[in-house]
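Below is one structure, written out as structure tokens, with a few remarks after it.
Just so it is clear, none of the values below were taken in a lab; they were calculated from the coordinates. What you see is a predicted model, and the numbers here were worked out from it, not measured in a lab. Reconstructed Cβ throughout: ideal geometry from the backbone, glycine too, with neighbour counts over all protein chains shown.
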Amino acid sequence: MLIKDGTIALDSLPSVTAYASAAGKMESEGPLGKCFDFTTQDNTLGEVSWEKSESKLQQIAFNTALSKGRFSQKDIDVMFAGDLLNQCVSSSGGAKDTEIPFVGLFGACSTMAESLALASIFVDSKAANNAAAVTSSHFCSAERQFRFPVNYGGQRTPTAQWTATAAGCAIVSSHCKPPYIRSVTIGKINDMGVTDANNMGAAMAAAAYDTISRHLANTAQQVSDFDLILTGDLGQVGSDMLKELFKRDGVDISAVHNDCGLMLYDREKQDVHAGGSGCGCSASVLCGCILKQIEQGTLKNMLFAATGALMSPTINQQGESIPGISHAVQLSAQ
């Protein structure tokens, strides 16, 4: 294992041996609706609060991944899980009955990459045989915490993104089959001075640029070496800014770049404004769509650079700017 400016090469090439996704009603109606392992038309999932509904989404994604990989809960040495809510209550609620050693994470929308990176490092270092990375978000629980209760009916700005009601789980094990995890790059805090909680793409773009640039430099790779550089969730505003930042370096990433926030919904038919967001957006896209393509060899080499707007309701109300972060995980079919 070698670390260079936040990039860690994983010598043993751990495998994503099982993965699963769960999604809500609106997500099931989008372009990737058929990719998810589980979808529901009732976003309460029969629970009495939105937070418990989100916990149930995590449980469904995790238990489905266990089933697909023929694992039992006793096979999982450690779980890395996170969500958007204060104190990661949806993740702790989802894991409380498992008796699995638990690490709660907050990386905002970057949490799927953060959890997958840590799970991979644990397996590569032999600190764990099997590690689970679980991430979720829920539109209603996030709106209540960060903006307004849904029944308030507030007007959304054109730069706003729609928080996904979704979850994803990836179980990382010792090298055995694709997708393989080749390396990870840990993000650095970037603050572009954005104070608008409805313009998260702008707040996160510089972080994505920094992490992707460092990963390319530290691994001696070029944009053309990748079939896909997948961010999440910059949406339309942040994606345009990311491309512009690279163009200033004379680099065009448009041929291989896509964003989970632009993949999850049909922006012409679904009222999501600038695209999707939330921890569950990139988690469900990765675990519902992308990992399967790597496993089948359709994608041979890709970089998953999830992005997060590290905002707190209190700090935002005080008028402070929103720091951004992006963690990257390189996955391959060989």
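Brief remarks follow.
- Close amide H partners of residue 229, meaning residues 5 or more places away or on another chain with modelled amide H under 5 Å apart, are 257, 258, 303.
- Across 25/56; 188/243; 96/300; 25/188; 34/56, pairs whose alpha-carbon gap is larger than 25 Å: 96/300; 25/188
- Between the stretch 200-224 and the stretch 288-313, the alpha-carbon center distance in angstrom: 14
- For the stretch 96-134 versus the stretch 1-67, the spacing of their alpha-carbon centroids is 13 Å.
- When shorter helices are ignored and each DSSP H run of at least 4 residues is given -39500 (n - 2.57), the per-residue value for the chain at 222 nm works out to -9500 deg cm²/dmol.
- For the stretch 2-173, the orientation-averaged shadow of the C-alpha convex hull comes to 11.2 nm² (one quarter of the hull surface).
- Each Lys and Arg adds +1 at its Cβ and each Asp and Glu adds -1 at its Cβ; summed about the Cα centre, the stretch 180-332 shows a dipole of about 360 debye.
- Peptides 203-215, 276-288 ranked from most to least packed by the mean count of surrounding Cβ atoms within 10 Å: 276-288, 203-215.
- For the stretch 48-64, putting each phi into the Karplus relation 6.51 cos²θ - 1.76 cosθ + 1.60 with θ = phi - 60° gives couplings of 8, 9, 5, 5, 5, 4, 5, 4, 5, 4, 4, 4, 5, 4, 5, 5, 5 Hz, in residue order, rounded to whole numbers and with x for Gly and Pro.
- Viscosity 0.692 mPa s, 37 °C: Kirkwood-radius Stokes-Einstein D of the chain over Cα pairs, µm²/s: 172
- Protection proxy ranking, highest mean first, for peptides 74-85, 228-239: 228-239, 74-85, where packing is the per-residue count of other beta-carbon atoms within 10 Å, averaged.
- Per residue Cα convex hull volume in Å³ - calculated over the stretch 261-334: 104
- For the stretch 158-257, fraction of C-alpha pairs farther apart than 22 Å, in %: 40
- Computed about the Cα centre, the dipole magnitude for the chain is approximately 440 debye when only Lys and Arg (+1) and Asp and Glu (-1) carry charge, each at its Cβ.
- Relative intensity of the stretch 180-332 on a log10 scale, I(q)/I(0) at q = 0.10, 0.14, 0.18 Å⁻¹, equals -0.33, -0.64, -1.05, per a Debye sum over C-alpha point scatterers of equal strength in the absence of solvent.
- Net charge contributed by nearby residues that have their C-beta within less than 14 Å of residue 39 (K/R +1, D/E -1): -1
- Of all DSSP beta bridges in the chain, antiparallel share, percent nearest 5: 65
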